[in-house]
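**Q** Starting off with a structure, shown below.
The values are calculated or read from the model by the stated rules, or taken from the named source; none is laboratory data. Since the model is a prediction, treat every value here as computed from it, not as a measurement. Don't worry about glycine lacking a Cβ; one is built from the backbone with ideal geometry, like all the others, and counts go over all protein chains shown.
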Amino acid sequence: MSAQRVYLSTTIPYVNSRPHLGHTLELVQADVLARHHRRIGDEVRLQSGTDDNSLKNVLAAEREGISTRELVNRNASAFAVLRDDLSLSVDDFIRTSSDPRHRPGVERLWRACAANGDLYRKAYQGLYCVGCEQFYAETELAAGKCPDHGTPVELVAEENWFFRLSRYAGTLAELISTGKLRIEPASRRNEVLGFIAGGLEDFSASRSVQRARGWGIGVPDDPSQVIYVWWDALGNYITSLNAGAPAPRDADYQHWWVNADRRVHLVGKGVLRFHAVYWPAILLSAGQPLPTEVFVHDYLTADGGKISKSAPTGTPDSTDPARLSHRYGPDAVRWWLLRDVPRAGDTDFTVAKLITRANEDLANGLGNLISRVVSLAHSYRDGAVRPCRRPDGTSRWLAAAADPRDARAAAIPAVLADPGTDALPDWPDDAASLREAIERTPAAVATALARFDFRAAASAVFQIVEQANRYVDATEPWHLGRAERAGDVAAGERLDRVLGALVTACQVLAAEIWPFLPDLAARIAAACGDCGGRLPKPVPVFPRIELASTSLPRPQYPALAAGPSGRQNPALAASLPSARRPRRLDSAPGREKASEVTACRVNQP
Ligand SMILES: [Zn+2]
């Protein structure tokens, strides 16, 4: 398939509190998609951000006795630094209260819908939940209270601007049922179609300035009203691209939205209606292309309790993603989210589950494999192993693994660059299962990710680890090494082939696991990369996490290894967690230069 242009977005959470683990699922899923598509040569833009204009932020600031601006700035930066904490390759991070692109973009979108006759003023009275920021019909309430929050609703009477949603019911139903607007999983598509079939009513698209506490984006030409926060927030997906600005200022919009092959929103189930009904209708009204796909994930719970709508005062340590990442590393957090969370259904999180998963897969399975292979190579070949020819279909993946957003992973392509495969030996016959697992992986990952099945994709990559460990157990290279030392020449030749297959498998593994665990991938690449024909001394790539007490330990990382040139191995150094550097994300995104981390190959004669 030829290269595609893919626009990916996460939702923008409101920032009435710090981020919790529930927010990270979507971020990590989106990052995997972004890295996967970049690696296969697609052109990708990944956007995230924060919804600063929510009334909930105003109320949270009132409770704390600080200004709304102060509260949103503080909490939005806690979201922005997740980019570092979780190794996210985000291209753009938009904050709706301060990004200079947002307000004019929302105003242009509003005017486009107004010009199409879809915004009108109407006196209105309704039952309103501040927590949800939406009106409910009496029949939707649970014992007179918000069905979601269980809190009393307010009777609100005022004159508002309404959006003519009813006009788009037929078009939306057709676009969704024909898959032109694809909603995944199918159960969510059916839910939306059922909602549309039940009849769409026009919705209130503004609030009085008083009820909005003066916070938010004013309705163009109507100083008494503020644009409904959902209308405002949904617009972020295109205001960041300067949608509606006169050419050539709208070049990003033309490039990344109008002319993209795929426009993909990742959203939680609680905001399905907004993304699959309201937002497409607004775009239809404005005469703009719709998203092509909406992927809906379910929620995480923590220790059996709800975390997706946590108390506004903060989050417990055990569900604070920054703390989890600082303690266990981004690899452990990402791996749990990817490997343990199914495509549909809520998933319960505990720290013990995260540790168990990391220890079983990353320390025992993967870490043990790398450690065995590198140690064997040093015990019997002084680190010099001739790899096998890379299986078909993998070399291009390796070459495209570089990502300028991500200094830590930039080591991979140089270490693993395809050294002219024709000159390398074929795979030994007894490694057929391992070779097949490697050959199957790219297609299996692509298929799983095309249906947003992150668990299946992670599991497909992990097949390489499992087959490689089986191959070690089956061939027992240490016996071959001892036989060779006792004079068995054939055993020595066999050992060459076995180690060649294993080192190649580890190198391919680094590239294949990169979208899922970019930091660990860089450490694998550093450990198994071909540095002037000799592997670096063995260093654990993922030490076991000990759960000795309830006070959570810091993760232990290997000491910096010296590279073959005597300098610090830059790939490994870059992969280690540095002091957390707060990075400004509310302006144009900074892009790291990959050139410094071109790994050991360049140091060799
Ligand atoms: Zn509510």
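**Q** For region 143-173, which positions are among the small types (Gly, Ala, Ser) and within 16 Å of the ligand (Cβ to nearest atom)?
**A** Residues satisfying the conditions are ALA143, GLY144, GLY150.
**Q** On to the next question. For GLY533, only one of the following conditions fails: (1) modelled with pLDDT of 95 or more; (2) more than 33 Å from the chain's Cα centre (by Cα). What is its number?
**A** Just one mismatch for GLY533, condition (1).
**Q** Among GLY194, GLY214, which is under 23 Å from THR68 (Cα atoms), away from the ligand (no atom under 16 Å from the Cβ), assigned by TED's automatic domain parsing to the domain that holds PRO291 and not β-branched (Val, Ile, Thr)?
**A** GLY214
**Q** Being assigned to a helix (DSSP H, G or I), touching a helix residue (DSSP H, G or I) at 6+ places or on another chain (Cβ under 7 Å) and modelled with pLDDT of 95 or more narrows it down to one residue among ALA483, ALA511, ALA527; which is it?
**A** Residue meeting the stated conditions: ALA483.
**Q** Suppose the filter is out of contact with any Ser or Thr (no Cβ under 8 Å at 6 or more places or on another chain) and either closer than 27 Å to ALA358 by Cβ or outside the structural domain of ILE370 (by TED's automatic domain parsing) (or both); does ARG451 pass it?
**A** yes
**Q** Any residue in region 321-339 that is assigned to a loop (DSSP other than H, G, I, E, B) and either within 20 Å of ALA511 (Cα to Cα) or acidic (Asp, Glu) (or both)?
**A** No, region 321-339 contains no residue that is assigned to a loop (DSSP other than H, G, I, E, B) and either within 20 Å of ALA511 (Cα to Cα) or acidic (Asp, Glu) (or both).
**Q** Now for a different question. Scan region 174-186 and give yes if some residue there is among the charged types (D, E, K, R), surrounded by 19 or more Cβ atoms within 10 Å (Cβ to Cβ) and more than 16 Å from the ligand (Cβ to nearest atom), otherwise no.
**A** The answer is yes, given that some residue of region 174-186 is among the charged types (D, E, K, R), surrounded by 19 or more Cβ atoms within 10 Å (Cβ to Cβ) and more than 16 Å from the ligand (Cβ to nearest atom).
**Q** Out of the residues in region 403-440 meeting the condition of being crowded, with 21+ Cβ neighbours inside 10 Å and under 23 Å from LEU8 (Cα atoms), tell me which one is modelled with the highest pLDDT.
**A** Per the criteria, the residue is ARG405.
**Q** Report every pair of residues separated by at least 6 positions or lying on different chains whose Cβ atoms are under 9 Å apart, first residue within region 144-162 and in contact (Cβ under 8 Å) with a residue 60 or more places away in the chain, second within 8 Å of the ligand (Cβ to nearest atom).
**A** Sorted first by the residue in region 144-162, then by its partner, the pairs are ASP148/CYS129; ASP148/GLY131; ASP148/CYS132; HIS149/CYS129; HIS149/VAL130; HIS149/GLY131; HIS149/CYS132.
**Q** Please determine whether any residue of region 189-200 is touching a helix residue (DSSP H, G or I) at 6+ places or on another chain (Cβ under 8 Å) and exposed (fewer than 12 other Cβ atoms within 10 Å of the Cβ).
**A** Yes; the residues of region 189-200 include at least one that is touching a helix residue (DSSP H, G or I) at 6+ places or on another chain (Cβ under 8 Å) and exposed (fewer than 12 other Cβ atoms within 10 Å of the Cβ).
**Q** Taking ASN116 as meeting all but one of (1) of a type outside the set (Ser, Thr, Tyr); (2) closer than 18 Å to ASP202 by Cβ; (3) within 16 Å of the ligand (Cβ to nearest atom), write down the number of the exception.
**A** (3)
**Q** Would you pick out the residues in region 86-134 that are under 26 Å from the mean Cα position of the chain (by Cα) and free of Cβ contacts under 8 Å to residues at least 12 places away in the same chain?
**A** PRO100
**Q** For region 129-142, name all the residues that are more than 9 Å from the ligand (Cβ to nearest atom) and among the hydroxyl-bearing types (Ser, Thr, Tyr).
**A** If the condition is that a residue be more than 9 Å from the ligand (Cβ to nearest atom) and among the hydroxyl-bearing types (Ser, Thr, Tyr), then THR139 is the only one that fits.
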